[in-house]
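Read-outs throughout are calculated quantities, based only on the coordinates presented, and are distinct from any laboratory measurement. Not measured: the values here are computed from a predicted model. Every residue, glycine among them, receives a Cβ derived from its backbone with ideal geometry; neighbour counts consider all protein chains shown.
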Amino acid sequence: MSKTCNFLGLRSNTPPPFFSSTGNSPFLRASSALNLSTAASRPFGRWIRASSRRRLVLGGFGGVSLWMNNMSGSFGGKAFIASARQTNPSPVEQALNNVNWPETFPFKEEDFQRFDETSDSTFYESPRFVTHIDDPAIAALTKYYSKVLPQSDTPGVSILDMCSSWVSHYPAGYKQERIVGMGMNEEELKRNPVLTEYIVQDLNTNPKLPFEDNSFQVITNVVSVDYLTKPLVVFKEMNRILKPGGIALMSFSNRCFFTKAISIWTSTGDADHALIVGSYFHYAGGFEPPQAVDISPNPGRSDPMYVVYSRKLPMA
């Protein structure tokens, strides 16, 4: 980045570095980036006010702050830092219980701004043959997939792995008649053994999904929903291309390319992320009420792992 930028109140001529807890991933933990451990001890509304100066850089909540403040009451009135909690059910699993959704989509354009607004195609131009969550989190996601995906080699099944790369984390040897990968880097997609075909497309530039209506039984998305700058358009498209009763599975952790994640994501924690993803399903329309699952394998000791999912409503 050539121009001077302001990152968390600091002047710099370069974007912030990426950090890794595992040594093989250029990801940054959201809680480390924002130092939320202290902020999270305050009531959610107070934390929003305290962080307003930061959001002048990363984008604001717009009209969503009051709504999310009200929603935080079901989580005990606290803001949640980006780490797995050792509670059952976890705050993430409770996040979508009995939500009183506002009448209209509560997020503003600035909520989907990123620290780095340069071309995503340039950012992802070089392949990254790394995993962006640690091994226990990967194993937990693969185990979850083994339970919810159609059985391998089921006739007529089509799956879309959206925001895919060189690995999809499906069970070993998993096969279907059609598994389409949609991602940003062709070299990565070529290396993905589970895919039967792939498409290179920047969803932030073109959110239109190039598929016929009612094409897929399943859509998966791994640790990438936080990068979507036009999520409502994308989720409406997901609904269009899913078969009636088809399921969309959005999984995420607390790690990201911080400069490319949307500001509403980098300014909030895990339970709030579930609420944000759930809102995409709700306001896109045509989906069952979204649900959240905490599949974190070792809370507090390895990367957390969460899934927010919903099914397309049956046709009338």
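With the alpha-carbon atoms as the only input, what is the per residue convex hull volume for segment 92-239 in Å³?
Values: hull volume 21.8 nm³, N = 148.
Hull volume normalised by residue count: 147 Å³.
Taking each pair of distinct Cα atoms in segment 237-306 once, what is the resulting Kirkwood hydrodynamic radius in Å?
Values: mean 1/r = 0.0734 Å⁻¹.
Averaging 1/r across every pair of different Cα atoms and inverting gives 13.6 Å.
Just subtract the alpha-carbon distance of GLN151 and GLU110 from 0.36 nm times their residue separation and send over the number in nm, one decimal.
Details: separation 41, 0.36 × 41 = 14.76 nm, distance 4.16 nm.
Once the chain is fully extended between GLN151 and GLU110, it gains 10.6 nm.
Obtain the nm distance between the two label points defined at SER121 and THR196 by a simple spin-label model: each point lies 7 Å from its Cα along the Cα-to-C-beta direction.
2.9 nm
Using r as the Cβ-Cβ distance of ASN206 and LEU313, and R0 as 22 Å, what FRET efficiency do you calculate, to the nearest 0.05?
On the way: r = 26 Å, r/R0 = 1.19.
E between ASN206 and LEU313, to the nearest 0.05, is 0.25.
Using only Cα atoms, what Kirkwood radius does segment 198-316 have, in angstroms? Before the final figure, lay out the partial values.
Numbers: mean 1/r = 0.0676 Å⁻¹.
After inverting the mean inverse Cα-Cα distance, the result is 14.8 Å.
Under 16 Å between alpha carbons, and skipping anything fewer than 8 positions from LYS260 in its own chain: which lysines qualify?
LYS230
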